[in-house]
Every structure is written in C-alpha cells, then in structure tokens.
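Notes follow once the structure below has been shown.
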2 protein chains.
Amino acid sequence: MLRFLITCLCLVWASSALADPSFKATSPDGKIMVEVGSSFGEATYQISRAGKPVITRSKMGFLFTNAPKFDRSLSAISHTTRSFDETWDLPWGEAKSIRNRFNELSVTFEDGRGAPRQFSVTFRIYDDGVGFRYNFPDQPNLKQVAISEEMTEFNLAEDGTAWWQPAGEWNRYEYLYNRTPIREVGQAHTPMTVRTKSGLHLSFHEAALVDYSSMWLRHAGGTRFISTLSPSSRGAKVVRTAPFSTPWRTIQISDDAAGLVTSHLILNLNEPNALGDVSWVKPYKYVGIWWEMHINKSTWGSGPKHGATTENAKRYIDFAAEHGFRGVLIEGWNTGWDGDWFGGETGFDFTTAYPDFDLKAVTDYAKSKGVHLVGHHETAANIANYEPQMEAAFALYERLGVDSVKTGYVADAGGARYRDANGHIVFEWHDGQEAVRHHLRVVETAARHKIAINAHEPIKDTGLRRTYPNWVSREGARGQEYNAWGNPENPPEHEVNLVFTRMLAGPMDFTPGIFAINPTQKGHRARTTIAKQLALYVTLYSPIQMAADLPEHYLANPRPFQFIKDVPVDWSETRALNGEVGDFVTIARKDRASDNWYLGALTDEHARRLRVPLTFLDAGRTYKAQIYRDGPKADWDKNPLDIVIEEKMVTRDQVLDIRLAPGGGQAIRFVAQ
Amino acid sequence: MLRFLITCLCLVWASSALADPSFKATSPDGKIMVEVGSSFGEATYQISRAGKPVITRSKMGFLFTNAPKFDRSLSAISHTTRSFDETWDLPWGEAKSIRNRFNELSVTFEDGRGAPRQFSVTFRIYDDGVGFRYNFPDQPNLKQVAISEEMTEFNLAEDGTAWWQPAGEWNRYEYLYNRTPIREVGQAHTPMTVRTKSGLHLSFHEAALVDYSSMWLRHAGGTRFISTLSPSSRGAKVVRTAPFSTPWRTIQISDDAAGLVTSHLILNLNEPNALGDVSWVKPYKYVGIWWEMHINKSTWGSGPKHGATTENAKRYIDFAAEHGFRGVLIEGWNTGWDGDWFGGETGFDFTTAYPDFDLKAVTDYAKSKGVHLVGHHETAANIANYEPQMEAAFALYERLGVDSVKTGYVADAGGARYRDANGHIVFEWHDGQEAVRHHLRVVETAARHKIAINAHEPIKDTGLRRTYPNWVSREGARGQEYNAWGNPENPPEHEVNLVFTRMLAGPMDFTPGIFAINPTQKGHRARTTIAKQLALYVTLYSPIQMAADLPEHYLANPRPFQFIKDVPVDWSETRALNGEVGDFVTIARKDRASDNWYLGALTDEHARRLRVPLTFLDAGRTYKAQIYRDGPKADWDKNPLDIVIEEKMVTRDQVLDIRLAPGGGQAIRFVAQ
C-alpha cells in the first residue's frame, strides 16, 4: 500500500490548513464553546461547556455518487460570525413566545484537489445547545449534488447512558426505547438522549428536515457516532441542486433531564411561519371511532362489525357535543380496507365511502351539533396511490368543513411505495428524502385547503410546525394502541421514556385516556394507573389530544373523565419541575385561555414520592387544586383503578407531596380564584 | 397505528407457518445442529453446538427497491436434505488436499401476499461450522431482483469478546483491529472473530462473493447483528436476474482459537477450479523496488529519485538471481505517478514506461538470469481509466513473459471511479457489487493471459482462489508498509491479530522480512524483533512472499536472511499448535517439495514461554532443527536485533521450549535427515 506518498501529498494539500487558526465562538452566556477548523485536510469541530469537552474533535464530510468526496483535502479558508436575539410568538403551543438568541459562526471549507469546490458549516450556539448545518453554495464545480453519505462525526467526550430507538430495522419508530451504555448503542434514530457519567444531559437530533434524508446515528465504536442517512432507491441518498443547506444537526445540552424538556432549540432553528394567517388551525380535543377497532369490537373493513357507520358516527358526535369535544375522528369510512391493504398491496380510495357511511350526512350532523369531523387518510405508505388523489381528497374535506386530517402510513421500513421518474413503483424507507418531500407536500396541500395534519407512522418531527403551523401533531413512537394488542404492551416506564426522547422532537398524538384497564379483563391492557392516564394529557404535549377510550367507558367513570374535559391543549407557559430520564417527571403548564395551571407527574414501575414546590403559580394568587392522584392501594398491575380525587386551596408558597404508585401518575388542575 | 389488524392478518397469513414443523439438520459428527423454519410469517434459523445455543432464533429476509420485501408474510413450504463427502486437491496452498464433508438442508420459503414469490436458503453444516446462502429461483413474479438490503440476523447466544475492523468508514480495511466486548462493536467488516464467555471461538465471514455486494455486520444492540450490504451509487445494492444465489454467510465454530486457523470451511464453500490447467500459476518469493519508496529513498514518480529505472531494476534482478528469488516487483515504471494521482484524479497509463525505464530490456535481462518480473498495475481505484486499458496491459506483460501482476487500488472508501451505463463517472465503495465484479473481471482477464493476480487495497478474500487459482494473494489489512510511515505503526499485537482475523479469509501479501529495525534509526520502524520478521513467513500464509527490505539490508544480515531464502511458500500440511486470539500463536507447516517442516511462533507485546510438543513431525524421523529465536535480551522496543541462530537434532518425541521476547517470534526449519 502506498500511504506514504499519500501522507506526503496530504501534507502539501493541507499546508495552508496546518497554518489555519481554528475559529471559535461561544453561546450568549459564554458557557458553551464551539471550535471549527481544518488540519491535515480534515474539517473538524469540537464543543465544550464550562471548559469541559462535550464533543471532542469530530470530522465533517460527505461522500457523493457523482463527484469526489469532501474528505481529506479540505482547508478552512474563511469565516464569519454574528449574534442574533429575537422573541417570536407561537400561534399555538406549549408556550406563548420563545426567545431565539444565539451566536453564529460560519466557516467555509475548500477542497484543494482538482477543480476547487466549497462548502460551509454554520454553527448556532445557544445557551441550551448547538445546531449546525452544511451549506452548498452556488458554484461552477458542484451543481448537482448527489450525496451518497453524510459523514458527520459525534465523538462524545464522556461515557454514559443512552436512550435510543433502533434505526435501519424491520419496523419504523415503534420499538421500545433501549437504555444502554453509550458504547453499546447500535444504530439509532434521533432524538437520542444521553446522560454522561458526570451528569450532563444531551439530546442528539436534527431541525428543519426539508428535502433531505433523515439522519440516523451509527455507533462506530467507543463513544463515537457517525451520521448515516436513510437510504434511497436511487442510490444517492440525497439529490439536490446547489445552492442549498442541509437540516441542522442539533445537540441540546443541559445539567439536568428537566432542562431538555423545556429547550426550544429545535423550534428556534426552524424557519418562521410560512403560511401567514393560521387562525384556522385550532387546537382541540377529540374522540373517535378508533379504539373500538383496536380492541376488536369493530372493524375498519366492511361487514357486520364495520365501525364507521353513519349511525355509529352520530353516536360519537352526540357524545362529543355533550362533553365539549371539538373533534370526532372516524377511521374506516372510505373504501380500501377490505383485503390485504397492509403494505400497500391494495389501494385506498380517499373520496369514496362505504355504503353504510354517508359522509355528507355525518358532517352536516356534526355541524348542527357544533362538532367537527376529524378526517382520515390511511395510505398504507402507498404514496403512489395517495398522491394522485390527494388534492381531491383534501378538497372534499374542505368542502364539508373538515379542518383537520389524521394521515396514516402503516407499512414497515423499506415498504413505502413511490412512483419514480419512469413511472415504475419503487420501494423507499419511511424517512428518506422521498418521504420527507412527501410529508411536506401533504402539509402544503392541506394548508391550501386550510386543513391541519396529524400524521401517524410519520416522518420524525424536526420542528417544522414553526414553519407550517398546520402540522399540528404526529405519532412516531409506540402509542397507546400497543396497550390494545402489543406483545408486549408498553411497559410502565414507556411514557416517561417518551418525555425525554420522542417528545423532545415535538408534539405527539399518543391518544391517552384509556380507562378500561381493569386487571380482571382478559388480554391486553395499559400498564398504568388511571391517574397516570390523566397525567399524560399534561406531560405528553400535543395541541390535539384524543380521549381515546369508548364513550361508555367514560360515562362509567365520570369523575376522572372530568379532568379530560377540563384540561386545555394550548398553553402559555411550560415548566419541567423535576425528572430523571426514563424514571419520573413532573411538568406544569399554564392554560392560554385562563390563569389556570395544570400539573402532570409520571413514574415508571417504581412508586415514588416527589416534593414539588408550587413556586410556578402566580404570586399573590390562591388556587383551588383539583387533584387526581393514585389511591393508597393503586398499582398498575394489581389495582390500576384506585384513584383519589380531592380539592384543596393552595398558593405558590406551598410544597406539594406527590405520591405516585408503581406505574402511577398524578394530574392536578389549579383553578385561579 | 393499526398494528392490531396487521397482527390478525399475520396470523392468517402465517397460519400454515404456525403449523409448520421446523426443519433440522446436523453436522456429520452430530455436534452442530441447525434449525430452520417460519413462524408468524418470519423466516428464521438457529444454530446450536453440543446442545448449547450458538445463534439463537435469527430472522432472514430482504428489502427490494422494485418489489415488496421478503419479511413477515413468509412460510416454509418445503425442504430437502443431502449429505456430501469428497476430498479435493489444491494446485497450491497451505495443504495438499482438503476434505469437504457436510450435511445440507435447503428450505423453500414462499411470500403469501400478492403474486406468490419464493426463495430458498441452503445450509451446509460442517463439523467446523455452518455456511448458508439464499437462492432466488427462476419464477414469474421475481425476475429482476434489486436488493436494497439483505437483512440476515445473527443473534449470538452468548456475550464475549470481538475482534473487528470498522466498516463504512473513511478508509478501507486498513484500521487497527478493535478488541471489544461484543456489545460494543460498531459496524464491522468480515471476518469478525468472537470468543464467547464459555470459550467458544467463532468467525463470521462470507464465502464465494461473486456478483453481489460485500456483507458488513451491523451491531444492532445487545449481542445482535444484522447484515448490511456495501452501498451502490445505483440505489439497489445488488441487482441480479433470477435465478441466482447469494454468497455463503459463514460461521466457523471451534473450541479453541487454533481451530479457526485450520478450518477450510470458506474454501470448501467455493466452487471448484474453473480455469482447468493452472500449472502456470507458480508460488514464489520475490524482492522488489517498493520498500525504498516507502522509506522515501526513492519515488514512484519521475525525477532524480525515480526508483523504477532500468539500472535499479537490473540491480534487483542480480540480487534475486544470486539469492534464489523467482520474482522482482517493480512499481512506478509506467506513467501516471506524477501529480495528484491519489484518488484517481489523474489516470495511469499501463503500457507506457517512463523514459528512464526500458521494460523490454529489463524483462529480457531478467529472463537471462532466470528471474521473472512481477508486473504492477496501480489503478488508484480509477476503474473507469483502468478497464479500457486492461486487455492491452495484460497482453503486454504476457508477451514479455511476466506471469504475475500486483494490482493496487489506493483510494479511500467511497472513492472508486466507475463509468455507469450512461458513460458518467460514478463513485463507488471499495467492496460493493461493482467492485466485486471488477476484481473478478481482472482475475479472468489475467487468466486468459496466464497471469496470476495479487491485489492490494483489494476486495476481501472469500475463498475464490479455489475457483480462480490465479488469484494467488492480496492485501486487505494493514501491511508492513505501515511500519515505514504509519501513525501509529503496527503495534506488536498486530500480526497475531491478523492470524485470527484477516488471515481466516485467505492468503495475505503482508510483505514480511524487514531487517532495518534498529532502534537507533530515526523515525518509523517495525515493532517486532528480527526473529519475528522471520516467523511471519510461516505464520502469515501466502503462496507468494516478499523479502520486502532493501538488498543491502539483507546482505548486512546474511544469517537471518538464510531463513528467508530457505522457507518455502507451498505446503502439503498445516497445523496450528497453539494460540489465543491477538496474544500468541504457533503454526507448523510441511514443505510440499520435501519432507521438511517449518514452524513460526508469534507473540504480542508480552514475552511468553510456550511448550510445543513436536508430535507433528513424521514418525521415526530425525530432523536437524535450524532455530532462529529471540536472543536473551531481545525486545521489540529496546533490542529488536538480538537473535540466536542455532541447530539441534530433534524427533517428534521432544517438546520444544519456545521463549518469545516482547514483540518477538521464532522461526524453525526442520530439515528431515
């Protein structure tokens, strides 16, 4: 092998690089420092916090299918810096406004071999973490950019524990979260959460995933990770024309787990609202014809057990109207559900109803009751079948006053059907560039019809709700339905895991509120107490929240049901009061429409006692606390329905003693007096 | 999410599968058992040995770019078994003949969804391990097979230690071997070697890699691995027309490390010799104009320090003739070395010599001395430049009596240049389907010209030397040249690591025999004793072996040089006498051309004392043992040149006391009396 000569050549190529200063910038509070530069032809970055390394020297680069790679002939030829500070308002959200304050460092690298080519990397350094993205400028020697791999390294300075969801697997995002030493991670989806030995909490993710492939984190040995992009049937995982920028690679950094929950770094790195007036996007709570199919009481497909009948729809509408739910979701009303629809073998028709369902009659009936149908588009990830129908399908809903649609992409990884440029069906991953493009096409099409989107089996959330506020929620992890048939069901720690992993990406339509969890019932059930089901409405943020259980189960439990009726879905403020990843968490949120506060606390399989100072409450104010807590014998396994509902008057000077049963939770409504 | 329905459908689809018996077969000695079947629509296998699980239930399947995947709608519909036993001869090798005895189990799976499709899996169960491959039969519903991923799982039953080379990295196969817990492996090339906690030794690799992409092993968490194929610029990592079979996925199993060394499972799984009479393929030793470039004494490129001059060539030819070396390698004689050739930016001309080199005169001179020029084709992995010249380049060598060629593919991963169907340059990995095809085209073209191939920066070895006996050797790991300029150099454990990892794949042209290792010399040097350099000729098998150092360094050390002159390169028998992965090893081999035996022992950085019974020697025979051992003060760091050369008479009844210095070794020639 001839590496000797190569080494020599590299020394020549990189001679200017060797002399390069590295460029540095810090967060506004001076605590986080990023250093970017080149040496021996390699482009690298490193991150420290309070003088301690967080990410040690890590390479940045690309492989291309149509050009020599950006690898070891790079030198940093220029840099720019700037500072930024603004506060922006959310049309809906977990907060009313967010401060976006960062220092920025952009470094331009040049490939010195052959015809010169450049790219730059822009780092935005916040007090709560770092985001960076690559920019491919307009240039003569790199026009069509066909990326076979992005090779961004993340060399963690410290050992520790990681919570991660496997990527490149048979399924999508619907595995239980792994909790392993960092060194034992396989290949992970983002967000991946890490707690280092010294107690630092990190979340690795990306922001503003637009027209690019999702980034997976491949463990490369030791505490080193390399990005790997979700595959494409085309070869190049990303094909773009310069100029363009990649999504932001993000590392949120916090001293404690709670700090990750309230970081707005992902949203801040997204572009502002691109849709203008979005007053038509309404946060809401909903019920629907859904859980009854999961528990095999009815079917999506036609036949004697068909769930989506006009009659059944009206029953749900009546229930929604009576109990103050804006929305009624109806799945299975359109044809395509009979036969082997899973995996897209058969195609759905998005505008044709089964004979036993009269869409117009149902929407008219809903309107007369002040209720809104929540539309449904199950695609089975057969995008080739869905896209040609999309415009008509949304137009139909708009015509009937349906202003939000739940989409679905049930199919396993590598099973999404697209039509390629030649009209052939090609099979893609759920999170490659084609999928990313498709999901945004849906959101944009829906926006033209003033319709909000809640995607299930979606592309992961990277904060695009800031730019497209009609992208209100999504799934993207194991939801409640695994408690209907999962093998295993979601374990008691699952929802606490979600708070510190999946939820760091954005809102999730987890569909809480299952009350039929009596241990005497046969088969599957949720592994939570009933109080925990209530607490999920506060802890798992979404601007749309389902009351997922059957109406009759709520009617049989009117007192806990009252919390679901009371709890808002739009907030002016959020506080994470305590928490450890995967163990427990307490979150308080303030209603946007009143001065009321709400609190949710969750634990895993262990009983816990949390002392929670009420300092988040407004000063000088008294609140009636309506407390929904685990009863003295509550236990997810033996006694999940034991709940105590009580009221007391409190002020911010008090400290609450919160006792959580194994698999339990607590929900509190603080009514401002 | 709608998994409930899916689960139901799966139960229906797999109902026959649920009733399926699983199919079982054992190795000829009955010790290894393989069980193959389907349940819940998944195709799975498992392997046990002596009743203890080795590989627990592991899925098998494929993703396609042009068809629904083979995943969870599979049922095992039929099976066949057979037994096989033959003994075949090697034209050259580490043994004269090999017994190929196995029991075979083939199971056919059918995908029950949509238009029916089938594949089968054939398991060959040997006493020393298992190989299995997929077969895509001729069938109406799966003609053009475009594989986006092969998803073969390897779920190890036990924890343990792994020795592995990272895959999907910036470089090729030229990293130091990692030694980590199995759970801490990242993504690995094969062969990957594992020692389980109970002491079982496993080697994961593949056999007969033809017209397919190389398999990497991706750690997926815990002790679970999934295959991932080397990428392609086309999208589908493998494109084939049915019928075809994949390479064999192999798991060699042994109670001890030594057992892996002498397993012939990889060769046995390859097809027999396809070239007919290969008497023109000659094992040989060689010297060459090569090391002097690595130590910067001369250059590949033109100029005052040009190494490949007619005059210098004649000097090496004289040396080779005088000391009995058949070959003289000359690198840098053809044009293309000036400028930025690395990475294929410039193109080599394979038939045009630099003005200071007269190819005809050199080959004529060699012929007159009974010496053979070893040709050289450095491609810089610019296949688009090489392939159009290949025919003429081999024809030229054949005309001049050159019967072996060293090829080179210096370029980093993702940097090989090919021309696609539209004539555009595309960049490929070093081990994808295109590379696999290219390397075999070279070997077949060379065979037509009766030329043997020794590829550097090659595709990995999967035993194809059985089918193409002119594919005599290759590199494919860090070779000796890293001791000339590596940062770091090869550590003292490197060669012992190679014996139990890289060498399990097949012969390696490591280029041993560097004597200039005096610690007083400046800069880089080999981290071995001189006795260890000699021992490498026996321990690192190759039918061609270089005496890599400069002639003057051999002339200055005539006594150790004698071993290099004496040692054969073709063997009738090989025994691994002891060894622990990465720690030490002793190997004995019997000369094909005589009754003499040779022994090589290596240690890592630790001094060792090994007691070696000479029971491998022929019974009733006395041997003069010419022993080249580490001197009493030998140490790779402080005193690498301390060697004791002595003779004594021995028989098979004796036990040798082998003392190895830190970083040391021992070489012995047993001359039959």
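The values are calculated or read from the model by the stated rules, or taken from the named source; none is laboratory data. Here the structure is a predicted model, which means the values were calculated and not measured. So basically every Cβ, Gly included, is an ideal-geometry build from the backbone, and we count neighbours across all protein chains shown.
For this structure, a couple of remarks:
- For the range B:375-384, the criterion of being in contact with a Ser or Thr (Cβ under 9 Å, 6 or more places away or on another chain), more than 30 Å from A:ALA67 (Cα to Cα) and either in a loop (DSSP other than H, G, I, E, B) or not β-branched (Val, Ile, Thr) (or both) is satisfied by at least one residue.
- Some residue of the range A:440-457 being closer than 18 Å to A:ASN382 by Cα, in contact with a Gly (Cβ under 7 Å, 6 or more places away or on another chain) and either away from chain B (no Cβ under 14 Å) or of a type outside the set (A, V, I, L, M, F, W, C) (or both): yes
- Any hit, the range A:120-140, residues being in contact with a Gly (Cβ under 8 Å, 6 or more places away or on another chain) and within 14 Å of chain B (Cβ to nearest Cβ): no
- Residue under evaluation A:GLN118, criteria (1) surrounded by fewer than 21 Cβ atoms within 10 Å (Cβ to Cβ); (2) within 19 Å of A:SER232 (Cβ to Cβ), criterion not met: (2)
- One residue from A:SER203, A:SER148 being surrounded by 24 or more Cβ atoms within 10 Å (Cβ to Cβ), outside any loop (DSSP other than H, G, I, E, B) and more than 11 Å from chain B (Cβ to nearest Cβ): A:SER203
- The listed residue being buried (at least 21 other Cβ atoms within 10 Å of the Cβ), more than 10 Å from every other protein chain (Cβ to nearest Cβ) and of a type in the set (A, V, I, L, M), out of A:ALA167, A:ALA208, A:ALA157: A:ALA208
- Applying the criterion of being at negative phi and assigned to a loop (DSSP other than H, G, I, E, B) to the residues of the range A:20-43, the residue that is surrounded by the fewest Cβ atoms within 10 Å (Cβ to Cβ) is A:PRO21.
- Residues in the range B:176-200 that are in a strand (DSSP E or B), buried (at least 24 other Cβ atoms within 10 Å of the Cβ) and among the hydroxyl-bearing types (Ser, Thr, Tyr): B:THR193 alone.
- For the range B:547-590, the candidate set comprises residues that are over 22 Å from B:GLN521 (Cβ atoms) and basic (Lys, Arg); within that set, the residue that is surrounded by the most Cβ atoms within 10 Å (Cβ to Cβ) is B:ARG589.
- Residue check, B:HIS189 more than 14 Å from chain A (Cβ to nearest Cβ), closer than 26 Å to B:VAL443 by Cα, touching a residue at least 12 places away in the same chain (Cβ under 8 Å) and within 17 Å of the chain's Cα centre (by Cα): no
- Scanning the range B:63-92 for residues that are among the aromatic types (Phe, Trp, Tyr) and within 29 Å of B:LEU200 (Cβ to Cβ), we see that the one that is surrounded by the fewest Cβ atoms within 10 Å (Cβ to Cβ) is B:PHE84.
- If only residues of the range A:392-421 that are of a type outside the set (Lys, Arg) and in a strand (DSSP E or B) are counted, the one that is nearest to A:VAL281 (Cα to Cα) is A:SER404.
- Hey, A:ASP412 among the charged types (D, E, K, R), at negative phi and modelled with pLDDT under 95 or not: yes
- Among (1) away from chain A (no Cβ under 14 Å); (2) in contact with a His (Cβ under 9 Å, 6 or more places away or on another chain); (3) part of a loop (DSSP other than H, G, I, E, B); (4) not β-branched (Val, Ile, Thr) - the single one B:TYR173 does not satisfy: (1)
- Here the range A:344-359 is the region considered, the condition is being within 14 Å of chain B (Cβ to nearest Cβ) and either at pLDDT 95 or above or touching a Lys or Arg at 6+ places or on another chain (Cβ under 7 Å) (or both), and the residue that is surrounded by the fewest Cβ atoms within 10 Å (Cβ to Cβ) is A:GLU345.
- Among the residues making up the range B:635-656, those that are of a type outside the set (Val, Ile, Thr) and in contact with a Leu (Cβ under 8 Å, 6 or more places away or on another chain) are B:ARG652, B:ASP653, B:GLN654, B:LEU656.
- Of the residues making up the range A:331-353, those that are closer than 19 Å to A:ILE317 by Cα and over 30 Å from the mean Cα position of the chain (by Cα) number 1.
- Residues that are part of a helix (DSSP H, G or I) and aromatic (Phe, Trp, Tyr) occur in the range B:537-546; there is at least one.
Table: residues versus (1) in contact with an Asp or Glu (Cβ under 6 Å, 6 or more places away or on another chain); (2) modelled with pLDDT of 95 or more; (3) crowded, with 23+ Cβ neighbours inside 10 Å; (4) not basic (Lys, Arg).
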{"position": "B:CYS8", "(1), (2), (3), (4)": "no, no, no, yes"}
{"position": "B:TYR45", "(1), (2), (3), (4)": "no, yes, yes, yes"}
{"position": "B:PRO53", "(1), (2), (3), (4)": "no, yes, no, yes"}
{"position": "B:LYS96", "(1), (2), (3), (4)": "no, yes, no, no"}
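- Selection within the range A:230-248: residues that are outside any loop (DSSP other than H, G, I, E, B) and buried (at least 24 other Cβ atoms within 10 Å of the Cβ). The member of this set that is nearest to the other protein chains (Cβ to nearest Cβ) is A:VAL238.
- Any hit, the range B:506-525, residues being under 29 Å from B:PRO662 (Cα atoms), part of a loop (DSSP other than H, G, I, E, B), at pLDDT below 95 and charged (D, E, K, R): yes
- Failed condition for B:HIS376, given (1) under 27 Å from B:ILE289 (Cα atoms); (2) within 13 Å of another protein chain (Cβ to nearest Cβ); (3) out of contact with any Gly (no Cβ under 9 Å at 6 or more places or on another chain); (4) of a type outside the set (Gly, Ala, Ser): (3)
- Subset of the range B:59-85 that is touching a Leu at 6+ places or on another chain (Cβ under 9 Å) and within 14 Å of chain A (Cβ to nearest Cβ) - its residue that is farthest from B:LYS237 (Cα to Cα): B:SER73
- When B:THR615 is tested against (1) touching a residue at least 40 places away in the same chain (Cβ under 8 Å); (2) more than 30 Å from B:ALA320 (Cα to Cα); (3) polar (S, T, N, Q), exactly one condition is not met: (1).
- Of all residues in the range A:151-165, exactly one satisfies the criterion of being among the hydroxyl-bearing types (Ser, Thr, Tyr) and part of a strand (DSSP E or B), namely A:THR161.
- Residue under evaluation A:VAL426, criteria (1) assigned to a loop (DSSP other than H, G, I, E, B); (2) buried (at least 24 other Cβ atoms within 10 Å of the Cβ); (3) over 20 Å from the mean Cα position of the chain (by Cα), criterion not met: (1)
The rows are residues; the columns are (1) at pLDDT below 95; (2) in a strand (DSSP E or B); (3) of a type in the set (Ser, Thr, Tyr).
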site: B:THR81; (1), (2), (3): no, yes, yes
site: B:PHE84; (1), (2), (3): no, yes, no
site: B:THR87; (1), (2), (3): no, yes, yes
site: B:GLY93; (1), (2), (3): no, no, no
site: B:ARG101; (1), (2), (3): no, yes, no
site: B:THR108; (1), (2), (3): no, yes, yes
site: B:GLY114; (1), (2), (3): yes, no, no
site: B:ASP138; (1), (2), (3): no, no, no
